Protein chains: 2
Amino acid sequence: MSALTQASCEVCRIGVPKVTESEAQELMKQIPEWSLIEVDDIQQLKRQYKFKNFVKAMEFANQLAEVAEAEGHHPGMLVEWGKVTVTWWSHSIKGLHNNDFVMAAKTDALLNQ
Amino acid sequence: MSALTQASCEVCRIGVPKVTESEAQELMKQIPEWSLIEVDDIQQLKRQYKFKNFVKAMEFANQLAEVAEAEGHHPGMLVEWGKVTVTWWSHSIKGLHNNDFVMAAKTDALLNQ
């Protein structure tokens, strides 16, 4: 289990620095299934999970929603038949904070429950 | 309550004709809050619903998931903090079938429950 999975989200406010490029590259090694993408100049983490039907996809989305509420940090979740595409970024800083890598690792950990 | 809300989805298979442009324009009048968009050459119906937080957005997504399962026709649902963006189209015909307009109307009807 990675160090990220064990971590919790810190409070993230406007003005808190984003992760640097080298920090991001280092953290990505702990979540190798995720992609670093850029949408409207905002860096985000993205991963698609596959499931055998819509109900299973929704079950996963609900599990993730529960973790998100507990941590006070919320993803984008695109639920479709047999798949959920998750994106993480920090709205307040318009980019990636350590929290987003923590949440990506926690999202992966749900699969192994 | 519109006629669409009362309808059920018909079985939609490969080869079934898409709605024509004029049929689409006529059906759009019954779901005025929806937009007709095109993604990768596939026509889709799209609407964003706003909620007061993430939990309320998930509640709506779960209600919609139940209707989708009952009808055997499934949307794309992008759940974010305080909003759900719903898209409807028919994968089997790579476009819009009457079913999609029926489901868009049923999605709207959830708000009035």
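Things to note:
- Accessible area of the stretch B:16-110 divided out per residue, in Å², using a probe of 1.4 angstrom: 46
- Lys/Arg +1, Asp/Glu -1 at C-beta; the protein assembly as shown dipole; positive extreme among B:22, A:92, B:102: B:102
- Rotational relation A to B, axis-closest Cβ in chain A, residue and distance rounded to whole Å: A:78, 2
- One Cα centroid belongs to the stretch B:47-92, the other to the stretch A:27-79; the line between them spans 16 Å.
- Projecting 7 Å from Cα along the Cα-to-Cβ direction, the label point of residue B:38 sits 2.9 nm from its equivalents in the other copies, listed shortest first.
- Peptide B:21-32 has a mean of 0 when you count, residue by residue, the C-beta atoms of other protein chains within 10 Å of its C-beta.
- Label geometry 7 Å along the beta-carbon vector: residue A:59 inter-copy distances in nm: 2.5
- Within the listed set A:18, A:29, A:56, the Gaussian network model of chain A (springs between alpha-carbon atoms below 10 Å) gives the highest mean-square fluctuation for A:29.
- Here is the interface size for A with B: some 1300 Å² of accessible area buried, both sides summed, with a 1.4 Å probe.
- Relative contact order computed over the stretch A:16-110 (Cα-Cα under 8 Å; 6+ residues apart), in percent: 33
- Computed log₁₀ I(q)/I(0) - Debye formula, equal Cα scatterers, no solvent, chain B, q 0.13, 0.23 Å⁻¹: -0.46, -1.39
- Interface residues of the stretch A:80-107, defined as those with an accessible-area decrease of at least 20 Å² between the chain by itself and the complete set of protein chains (probe 1.4 Å), are A:80, A:81.
- Shape class of the stretch A:73-113 from the Cα gyration tensor (axes a ≥ b ≥ c, square roots of the eigenvalues): oblate, since a/c reaches 1.5 or more and a/b does not exceed b/c.
- FRET efficiency, 1/(1 + (r/R0)^6) with R0 22 Å, evaluated for residue A:63 and residue B:92 via beta carbons: 0.15
- Listed residue (A:76, A:34, B:57) projecting farthest to the positive dipole end of the protein assembly as shown, Cβ model: B:57
- Carbon plus sulfur fraction of accessible area for the stretch A:16-110, probe 1.4 Å, in percent: 48
- Of A:83/B:52; A:106/B:18; A:94/B:94; B:18/B:83, pairs whose Cα-Cα distance is over 32 Å: A:106/B:18; A:94/B:94
- Projected label distance in nm at residue B:55 and residue A:28, using a 7 Å step from Cα toward the beta-carbon: 3.7
- Counting 0.36 nm for each residue step from residue B:21 to residue B:6 and taking away their Cα separation leaves a gain of 3.1 nm.
The values are calculated or read from the model by the stated rules, or taken from the named source; none is laboratory data. Everything numeric here is computed off the predicted structure, so don't read it as measured data. Quick reminder, even Gly has a Cβ in these numbers, built from the backbone with ideal geometry, and neighbours come from all protein chains shown. Note: areas computed on protein heavy atoms with side chains; ligands, DNA, RNA excluded. Shrake-Rupley method; radii C 1.70, N 1.55, O 1.52, S 1.80 Å.
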